[in-house]
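To keep things clear, I will list the structure first and then write my remarks on it.
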């Protein structure tokens, strides 16, 4: 067997498919391995480029393969899909591994930063907190909807619901049967318990940010709080997997999709690629920052205020979120001690404001 130059690894829980090619792109390896056989097999293989799709366990296997001397890289499955249809019929594990092997060798392929265990631990806390927030919203909506069945309408928002609950509970006590109140009260107690748990997770994230100098520096950027700073550092690390801040903004899906042809540039809505959670945090932080830019006189605030006056609120929020991501990249990749927000206005920021 000739020397393997590139390998595509199709990940699963128990059964893995390996597809390898030599320097002439000829298939030299096609095997199915059990979980216990995977690392011993790669330990016996000469160091090579190994590609895999992002998913459950991808970062673990990438770290293990790099420890064995291989150049392991992770890709977004959406970027691998086009290579699966080239000359291959049907979707199966073998075709998936071959497509991964072909995709990882493309010179302009974009790769997912490989996270270390500490980064994954922080993201685990964020994921659990996000699930609790979703459950809190579900319980609040369910409570509001059940009350509406009895003609009691409460305004949107958790704070408004909790503020009006005690008075409503007294004034409407006779309008709702006792059996229904038992379930409604249980839902309200569940809502309060969830809020206390979420606050505890917020404190845990804040404590971690205080111990992490990189995340602490990010909180100096107006519009990036402790939760966003923690998620940024845990997701992209030092940011050096990206060539510049523009690439990070594109990876997060904060740039407009292009429909350009014939020398005519057409920009549409944002691509929404990348990490939905991180993009949502950045956009919400930008929305809150836009509410206060008229009170400040720094360069970024003047730019954002002008953008808010010329564009819609959503477009201005996305453009400012993209700018925050690029400033964060500069701080992490260049190890700056301050946000240096004065050096931020460029054509890319104005271009990002055209799409929503």
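The values are calculated or read from the model by the stated rules, or taken from the named source; none is laboratory data. These numbers come from a predicted model, not from an experiment. Counting neighbours? That spans all protein chains shown, and the Cβs are built from the backbone with ideal geometry, glycine included.
Looking at (1) free of Cβ contacts under 8 Å to residues at least 60 places away in the same chain; (2) in the same structural domain as residue 305 (by TED's automatic domain parsing); (3) over 27 Å from residue 116 (Cα atoms), which is the only condition residue 226 fails?
Residue 226 satisfies all of (1) free of Cβ contacts under 8 Å to residues at least 60 places away in the same chain; (2) in the same structural domain as residue 305 (by TED's automatic domain parsing); (3) over 27 Å from residue 116 (Cα atoms) except (3).
Residue-by-condition table, conditions (1) in contact (Cβ under 8 Å) with a residue 40 or more places away in the chain; (2) assigned to a helix (DSSP H, G or I); (3) within 28 Å of residue 193 (Cβ to Cβ); (4) within 16 Å of the chain's Cα centre (by Cα):
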position: 62; (1), (2), (3), (4): yes, yes, no, no
position: 83; (1), (2), (3), (4): no, yes, no, no
position: 98; (1), (2), (3), (4): yes, yes, no, no
position: 102; (1), (2), (3), (4): yes, yes, no, no
position: 107; (1), (2), (3), (4): no, no, no, no
position: 124; (1), (2), (3), (4): no, yes, yes, yes
position: 130; (1), (2), (3), (4): yes, yes, yes, yes
position: 140; (1), (2), (3), (4): yes, yes, yes, no
position: 145; (1), (2), (3), (4): no, yes, yes, no
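What's the number of the only condition in (1) crowded, with 19+ Cβ neighbours inside 10 Å; (2) in a loop (DSSP other than H, G, I, E, B) that residue 317 fails to meet?
Among (1) crowded, with 19+ Cβ neighbours inside 10 Å; (2) in a loop (DSSP other than H, G, I, E, B), residue 317 violates only (2).
What about residue 51, is it closer than 20 Å to residue 241 by Cα and in contact with a helix residue (DSSP H, G or I) (Cβ under 8 Å, 6 or more places away or on another chain)?
yes
Step by step: first the residues of segment 81-98, then only those that are crowded, with 20+ Cβ neighbours inside 10 Å and in contact with a strand residue (DSSP E or B) (Cβ under 6 Å, 6 or more places away or on another chain), then the one that is nearest to residue 16 (Cα to Cα). Which residue is that?
Among those that are crowded, with 20+ Cβ neighbours inside 10 Å and in contact with a strand residue (DSSP E or B) (Cβ under 6 Å, 6 or more places away or on another chain), it is 97.
Here is a yes/no grid of residues against (1) surrounded by fewer than 20 Cβ atoms within 10 Å (Cβ to Cβ); (2) touching a strand residue (DSSP E or B) at 6+ places or on another chain (Cβ under 7 Å); (3) farther than 13 Å from residue 105 by Cβ; (4) outside the structural domain of residue 92 (by TED's automatic domain parsing):
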| position | (1), (2), (3), (4) |
| --- | --- |
| 11 | no, yes, yes, no |
| 14 | yes, yes, yes, no |
| 18 | no, yes, yes, no |
| 21 | no, yes, no, no |
| 33 | yes, yes, yes, no |
| 44 | yes, no, yes, no |
| 49 | yes, yes, no, no |
| 53 | no, yes, yes, no |
| 57 | yes, no, yes, no |
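Checking residue 101 against (1) in contact with a helix residue (DSSP H, G or I) (Cβ under 8 Å, 6 or more places away or on another chain); (2) within 13 Å of residue 11 (Cα to Cα): exactly one of these is not met. Which one?
All conditions pass for residue 101, except number (1).
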